[in-house]
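In what follows, a single structure is set out as structure tokens and then discussed.
The values are calculated or read from the model by the stated rules, or taken from the named source; none is laboratory data. Since the model is a prediction, treat every value here as computed from it, not as a measurement. Glycine gets a Cβ as well: all are built from the backbone with ideal geometry, and neighbour counts include every protein chain shown. Quick note on the areas: whole protein, heavy atoms, side chains included, nothing else; ligands and nucleic acids left out. Shrake-Rupley method; radii C 1.70, N 1.55, O 1.52, S 1.80 Å.
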Amino acid sequence: MLKELVALTRKIFSRDQEPDTPELEFAEVERLRLAFKSRYHSFKLLLTANGRVLEAMADMERALQGNESFSMSFVHTGCTSISVNVYRMIADMENIAPGKYSGLRESFLIIQRQIDALLGQKKDKTDKRLVIPLETITSEMTELAGGKMANLGDVKNRLHMNVPSGFVITAAAHDLFMSTDGLQKEVDRIFQVAGSDEDRNLDLVSSQIRQKMMVANIPEPIRLAVEEAYVHMKEQNGGQDVRLAVRSSAHGEDAKNSSFAGQYRSELNVAFPQFFYYYKQVMASKYSAQAITYKLNRGFRDEDIAMCVGVLAMVDAACGGVIYTRNPLDSKDDSIYINSTWGLPKTVVDGNDLCDLFVVQRDNDLTILRRDIRDKGYRFVCGGDEGCMRTEILGGENILPSLTDAQIQQLADLAIQIEQYYEGPQDIEWAIANDGKIYFLQSRPLQQVESVMPSIDFDLQQYDSLLLTEGGTNASPGVTSGIVFKVSKKVDILQFPEGAILVVEQALPTWAPLVARAAALITEQGGFAGHLANVAREFGIPALFGVKGAMTLVNNGDVVTVAADLGRVYRGCIEPLTHWKRPDAKLMLGSPVYETLRTVSRHIIPLHLLDPESRDFTPEKCLTFHDITRFVHEKSVHEMFRFGIDHSFSERSSKQLHYKVPMNWWILNLDDGLINEIKGKYVKLEDIASVPMLAFWDGFAAIPWDGPPMMDSKGMTSIMFRSTMNPDLVPGIRTKYADRNYFMISKDFCTLSSRLGYHFSTMEALVSERSGENYLGFKFKGGAADFERCMGRINFIKEILEKYGFRASVNADNLDARLEGRDMQFMKSRLNILGYLTLHTRQLDMIMGNQPLINYYMAKLTKDIDSLLEKAKRDQ
């Protein structure tokens, strides 16, 4: 591709020879545009992958500070994300510059092998079993059985506690199902057609994929393996049919920092004749809109997650619920929190209704410290045919405790044993059958937060008149303010504004996609043990549950302050409260998981390639993934920059800028740089869509040039001498090098080759809303005066650019400045500066021997630039 591009551009843009006809030139320019689009597309993909790598490395570095809890799932996911995106960067680099950096793949493989060895497993699945009985599963089988069922296997087989009989349909079965009849390829196609993560209609994508999966055939090997496992369950049940709970156990699910709480589907009380229908329902829930959103927000790719499915004998529960072996809202509180309700635990985990709360002290007697008996409105029970029924609790049973003291203490004792085995706080789902036997249905790491009530150094009572409500349940601590947005139906999700206060009636997992976009969460129903509460804590937003009448208490657009720790909601912004910040807790330092991450990170995070000019700045010297990203990013920018500066072009292949009058500036539209196609020879500013070009021109045209500075005799002599040495430098002589200023543009991209008077400058910019991809490069060379005066001007410009945040370096008489990773408005303001300097540094080399004049122009240019920035700020 690159060789063809070079040959093509030489043919089109030769300074000495133009194409035979305008028609031929037009066709070749169109071919150039297509070539540029391909290259530019790879460049943007590369920048996107680079941003994801840097984000994942930043996550690792934050985790290594010890402030956040994480599991091996976090380590595996982080390494996978970085590995995949570094590999993508290499592939994109090969498209941008084929054959130039072939050593990158070998360096990548060396680093990847080192990381794989430390993690102790290969990426390929060696265990091809499709179904595994629960009695043989342990936590070492997470990759095959998924985290949920692997953890449950340990509870059953190593702790020898009561877990319903069952089996797991494995990750190998997931792969077989998705590969049959090209299903995975069809899923990939739907995602591709849907566009970028930001633009795609998730409800439509989800619906299309789930429909494909529901009509797919179950591969015969899976069907036979499941039928055999079910026969084994019947034998354990005395030959009687067994009703089944069909539950997700996906990769990444039930991990510390990615619980996927409530994101996937579970089906209860399923009769075996209908099993495969519900199996596909659970499989398809991997692509529910809420699960897709969660994965995107948590940084998972589709290929990271295999949907394993757990199949358990259904427990027809008298009561059930969730145990937190410690307080999730206070890491210093080691009490055991038991959430309980009548019937199946579904009411508790879904957050549909109020539930009882029992708090047990961790002493020898397991003293019951607290009994909160709530008015429980209804229960879920197994239906007569299949499925679950919601029934009203009558006869005064609704206000009776759902557990006896003996049951409370027995649950607490067993929960402590599970926590001790896993060496960390646990979130445990349980049920008690009608015969009184306790069963455990799930155990996952419990995410805790530090509890410190706001240090209130002002009279809070002065705001009592603004108090809307008090007494809700603190489901996730914190204080924030924002505008209210009430959600009652799915269509409201599409209209939810970023940073709003989410107000809902029920704490349903359906609303989980909004948690990442919300500033805080208020619900009328639900408790701190439900799925939505888990997600709120995971995303670190304040959440206040059980706020009676919340949906009628506030209106859309109201500004409120949510103080979850105080159980209060105020009208307006209570600024002194919002200043409260929660201290970090270093909980992970020294743990085995932490040490694994620290060891692996040595092959990921350190950066050895620092100087692009060094002879060691080569693919072969890349010792870490960070080295590869640094090298690829530097060289990709260089290659894209060469595209702009290597090509001058005839005036027929471009449009002339008309700014008040025809200007000596020419524009080649490479992609979508113009609002509409221009028929004539001139382009006006209002025709231009290129963000970086317009920002540059705003600075260029903002302040009129005062003309050449006054020069002393030495300055004049210097210019006359250099002009006689090189006639092409004299602006009055019309040569092919004089006053050529060429823009190559697309909407977000711009390169400029400029000659104004005696100096040459080139500029390249990529500016969009995605700040992590933004880049600005500027090169400056030349002048009419002697070398010392030219160097004086270059250092003069360097000083100004560094003052405004550029990284600048000088090599001989070449200035190289760059800026990257800043938001769109900041980048546009710096393009204003470059536009201004391009015009206003003309002929300043002539006065570089005169210090008073240097001081004068430094003050003048700085003052002008400050006024430009101030105007830009006002115009935002």
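Of note:
- Entries in 234/280; 679/873; 148/280 that, when Cα-Cα distance is taken, lie over 30 Å: 679/873
- Phi-derived couplings, Karplus 6.51 cos²θ - 1.76 cosθ + 1.60 at θ = phi - 60°, listed residue by residue for segment 434-445: 5, 8, x, 7, 8, 10, 9, 10, 5, 8, 9, x Hz, with x used for Gly and Pro.
- Under the Karplus curve 6.51 cos²θ - 1.76 cosθ + 1.60, θ = phi - 60°, whole-Hz ³J(HN,Hα) for segment 130-144, x wherever Gly or Pro sits: 8, 9, 10, x, 4, 5, 10, 8, 9, 5, 6, 9, 4, 5, 9
- With distances taken between every two different alpha-carbon atoms, segment 131-313 has a Kirkwood hydrodynamic radius of 16.8 Å.
- Between amide H atoms placed 1.01 Å from N, distances below 5 Å from residue 843 occur with 758, all of them 5 or more places distant or on a separate chain.
- For 789, 374, the ranking by accessible surface with the largest value first comes to 374, 789, using a 1.4 Å probe.
- Size of segment 401-475 as Cα extents on the principal axes (Å, biggest first): 55, 31, 19
- For segment 461-579, share of DSSP beta bridges that run antiparallel, in % to the nearest 5: 60 percent
- Packing, as the average of other Cβ atoms within 10 Å across residues, places the peptides 806-816, 155-165, 533-543 in the order 533-543, 155-165, 806-816, highest first.
- Rg over Rh for segment 164-253 works out to 1.09, both radii taken from alpha-carbon positions and Rh defined as the Kirkwood radius.
- Sparse-neighbour loop sites [chymotrypsin sites (Phe, Trp or Tyr not before Pro); segment 433-513; at most 14 other C-beta within 10 Å; DSSP]: 458
- With every protein chain in place, segment 461-579: carbon and sulfur % of accessible area (1.4 Å): 47 percent
- Each residue of segment 563-568 was assigned a 3J(HN,Hα) from its phi angle through the Karplus expression (A = 6.51, B = -1.76, C = 1.60, θ = phi - 60°), giving 10, 4, 4, 8, x, 10 Hz with x at Gly and Pro.
- For segment 131-313, the solvent-accessible area of protein heavy atoms averages 38 Å² per residue (probe radius 1.4 Å; ligands and nucleic acids excluded).
- Estimated D of segment 50-174 in µm² per second, where Rh is the Kirkwood radius over Cα pairs and Stokes-Einstein applies at 20 °C, 1.002 mPa s: 124 µm²/s
- Heavy-atom accessible surface of segment 131-313: percent carbon and sulfur, 1.4 Å: 48 percent
- Solvent exposure of segment 461-579 amounts to 37 Å² per residue of accessible area, where only protein heavy atoms count and the probe is 1.4 Å.
- Intensity falloff of segment 482-523 expressed as log10 I(q)/I(0), Debye formula with alpha-carbon point scatterers, at q = 0.27, 0.28, 0.34 Å⁻¹: -0.93, -1.01, -1.55
- Cα gyration tensor shape of segment 406-561, rounded if a/c is under 1.5, else prolate or oblate by comparing a/b with b/c: prolate
- For segment 309-366, taking the reciprocal of the average inverse distance between every pair of different Cα atoms yields a Kirkwood hydrodynamic radius of 12.8 Å.
- Relative to its residue count, segment 317-433 spans a Cα convex hull of 109 Å³ per residue.
- Sorting 60, 663 by solvent-accessible area of protein heavy atoms yields 663, 60, largest first, with a 1.4 Å probe.
- In terms of packing, defined here as the mean over residues of other Cβ atoms within 10 angstrom, the peptides 761-768, 487-494 line up highest first as 761-768, 487-494.
- Of the listed residues 241, 372, the order by accessible area with a 1.4 Å probe, largest first, is 241, 372.
- Across the accessible surface of segment 70-120, with the other protein chains kept in place and a 1.4 Å probe, carbon and sulfur atoms take up 58 percent.
- Rounded to the nearest 10 Å², the accessible area of residue 860 at probe 1.4 Å: 40 Å²
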